[in-house]
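The values are calculated or read from the model by the stated rules, or taken from the named source; none is laboratory data. Predicted model only: the values in this text are computed from it and were never measured. Because the Cβ atoms are built from the backbone with ideal geometry, glycine has one as well, and the counts that use them run over all protein chains shown.
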Amino acid sequence: MSKKYFYIFTLILFPLFFLTSCMTTTTAAGNVGADRKQVMLISEEEMNQSAVEAYAEVLAEAKKAGTLNKDPATLQRVQKIAKKLIAQTTAFRSDAVNWDWQVNVITEDTINAWCMPGGKIVVYTGIIDSLKLTDGELAAVMGHEISHALKEHSRERASQEALQSLGVSAAAAVLGIKETGTQLLGLAAQFTLGLPFSRKHETEADHIGTELMARAGYDPHEAVTIWQKMEEVSGTSVPEIMSTHPSHASRIKDLQVIAETVYPLYLEATKQTK
């Protein structure tokens, strides 16, 4: 190996060895084994503060547009499901139940829902109406989004991108590559690291979210039906290798296994409510 390429590998790989000391586990395993170690360079406080500010902006815009919490019945339904799911977060994080949770609904055709760091949730009416979601399916959607916050995927993603940027810049500097070359290196890094990593986040959130809904008394098999519906409305999807999300087919297959794994938790939860 030439000295030049030795420097490249040193510059890129040394931070990885150094950062092993920054690895942490943000959640307990639960029944789905969600105790993967993560590298966190960005502080939890910074992420949560950014979320508070961003969430306030989203709500202010929706309120100005007259789309914030327009239908009291839908808001009540969403908040009721959220309350049940939040009560089960202690299975993964003892601190999460005491977060400053906020749950709002925006009337918009967007087929989406999300949960920012620290428990800031928005559900769009588009996903409820277009997919005709049952309470169980809505619990699956919200459980998935809550799981991103529990596992601090946004914080991990920000840390990963910071590290990735450092490695690409170091390699470009050693090779003397101009701007175009740097962009190509960045693209390569995105496909070899960024996209598979994001798919890992999605799968992880599927697993934790399905366990949350089962613990909350919702049939985990409805986590499967929501993606069957999503497949129907989305039509031809982007190939999995090019996407930050698993393909519908692989997601459905995986969720069928997870649903069976956590089904006893659902049976126990329903037994307690009788």
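Within the range 57-108, the set of residues being crowded, with 18+ Cβ neighbours inside 10 Å, among the aliphatic types (A, V, I, L, M) and within 29 Å of Thr25 (Cα to Cα) comprises Ile81, Ala82, Leu85, Ile86, Ala91, Ala96, Val103.
In the range 71-82, the residue that is nearest to the chain's Cα centre (by Cα) out of those that are in contact (Cβ under 8 Å) with a residue 12 or more places away in the chain and part of a helix (DSSP H, G or I) is Ala82. Considering the range 226-252, and only residues there that are surrounded by fewer than 13 Cβ atoms within 10 Å (Cβ to Cβ) and not in a helix (DSSP H, G or I), the residue that is modelled with the lowest pLDDT turns out to be Pro239.
Results for (1) touching a helix residue (DSSP H, G or I) at 6+ places or on another chain (Cβ under 7 Å); (2) of a type in the set (Phe, Trp, Tyr); (3) at pLDDT 95 or above, shown as yes or no for each residue.
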residue	(1), (2), (3)
Gln88	yes, no, yes
Cys115	yes, no, no
Met142	yes, no, yes
Ser159	no, no, no
Gly167	yes, no, no
Ala170	yes, no, no
Thr180	no, no, no
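Within the range 131-152, the set of residues being crowded, with 23+ Cβ neighbours inside 10 Å and without any contact (Cβ under 8 Å) to a residue 60 or more places away in the chain comprises Ala149 only. Listed conditions (1) under 17 Å from the mean Cα position of the chain (by Cα); (2) not in a strand (DSSP E or B) are all met by Trp114, apart from (2).
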